[in-house]
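Below is one structure. I have some questions about it.
Just so it is clear, none of the values below were taken in a lab; they were calculated from the coordinates. None of these values were measured; they are calculated from a predicted model. All Cβ positions, even for glycine, are placed from backbone atoms using ideal geometry, and neighbour counts span all protein chains on display.
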Amino acid sequence: MSLYIIDDHPLVRQAIAMLLRRIRPSAKVVELEKFSELQAAIIKNGEPELFILDLLLPGVKGTTAVSEVKKMYTEVPLVVISSMPAGEAEETCIDAGADLYIEKSMPANEISAAIQGLFAADSNGDEEVVVAGDTKLSKRQKQLIIMLDRGLSNRDIAAELDISEHTVKVHLWRLFRRLNVKSRTQTLHFARMNGLL
């Protein structure tokens, strides 16, 4: 399994690669300058375990790269890293399929914690157990719905589950995407309408 970083700034690319090598010492880290190099790199270096994409890649319009990667590798975590502040850009990237949005201005330890949280979210409680219509949820997602119904904040959920707030965000984004909703309120409405609460 390989970790793919696509960023046209060598210094940023190398810094992220160093972080990934610390987080996953046994994984192969593949650094790419252009999005167009990705398919050939996957053929050469093996199946992806993670993608990290710069939002503003040359020759790529908006979140096109995010959408294309997610169409081909729906289950592989995808992180967008950008110099643009979160907010509207983050929302657009998440809507396009990104699992996480990281600002390049964040301290290295926070970027590392966010990526580790993504890996933790990927490996915790993903056995699908609940069915609401055609929607399958993991045990962790069902647990999150109950916690949202209790009115818990991300910080409270993180403390109760003994995970980072970044991991909570990843779980919530995935839950929203699975249910095709955009907020906690819509999630709870869906849960009530489908007998999950």
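222 nm [θ] for the chain, helices only, -39500 (n - 2.57) per DSSP H run of 4+, per residue, to 500?
Values: 9 runs with 100 residues, N = 197.
Theoretical 222 nm ellipticity from helices: -15500 deg cm²/dmol.
Ranking request for peptides 52-61, 39-48, 163-172, 101-110: highest mean number of other beta-carbon atoms within 10 Å first, then the rest in descending order.
Working: 52-61: 17.5, 39-48: 13.0, 163-172: 21.5, 101-110: 14.6.
Packing proxy ranking, top to bottom: 163-172, 52-61, 101-110, 39-48.
To the nearest 0.05, what FRET efficiency results for H9 and A159 with a Förster distance of 35 Å applied to their C-beta separation?
On the way: r = 36 Å, r/R0 = 1.04.
With a Förster radius of 35 Å, E is 0.45.
Kindly state, as a whole number, the per residue volume in cubic angstrom of the convex hull around the alpha carbon atoms of the chain. Working shown, then result.
Details: hull volume 23.7 nm³, N = 197.
Enclosed volume per residue, from the Cα hull, is 120 Å³.
Something else: Tilt of helix 108-123 relative to the longest C-alpha principal axis of the chain, in degrees (0 to 90, nearest 10)?
With rounding to tens, the tilt is 60 degrees.
Follow-up. I'd like to know which of L161, S183, Q143 lies farthest towards the positive end of the charge dipole of the range 134-191, counting +1 on Cβ of Lys and Arg and -1 on Cβ of Asp and Glu.
S183
Let me ask something else. Once phi is turned into ³J(HN,Hα) by the Karplus curve 6.51 cos²θ - 1.76 cosθ + 1.60 with θ = phi - 60°, what whole-Hz value does each residue of the range 14-25 show in order, with x for glycine and proline?
Once θ is set to phi - 60°, the couplings for the range 14-25 become 5, 5, 5, 4, 4, 4, 5, 5, 6, 6, 10, x Hz.
Assuming a strict under-18 Å limit between Cα atoms, what lysine pair count do you get for the range 17-75 once near-sequence pairs (fewer than 8 apart, same chain) are dropped? Write out the running numbers ahead of the final one.
Values: K28/K44; K34/K44; K34/K61; K34/K70; K61/K70; K61/K71.
Pairs that pass both the separation and distance tests number 6.
Taking 25 °C and 0.890 mPa s as the conditions, I'd like the Stokes-Einstein D for the range 2-107 in µm²/s, using the Kirkwood hydrodynamic radius from alpha carbon pairs.
Details: Rh = 13.7 Å.
Reported coefficient: 179 µm²/s.
Continuing with the same structure: Magnitude of the Cβ-charge dipole of the range 50-119, K/R +1 and D/E -1, about the Cα centre, nearest 20 debye? Don't skip to the answer; put the middle values down first.
Values: 4 positive and 10 negative charges, 46 e Å.
That gives a dipole near 220 debye.
About the Cα centre, and with charges only on the beta carbon of Lys, Arg (+1) and Asp, Glu (-1), how big is the dipole of the chain? Nearest 20 debye, please. Intermediate results must be reported in sequence, preceding the final value.
Details: 24 positive and 27 negative charges, 63 e Å.
Around 300 debye, computed over the chain.
So, one more: Among I16, I111, V170, whose Cα lies farthest out toward the positive end of the dipole of the chain, if unit charges sit on the beta carbon of Lys, Arg (+1) and Asp, Glu (-1)?
V170
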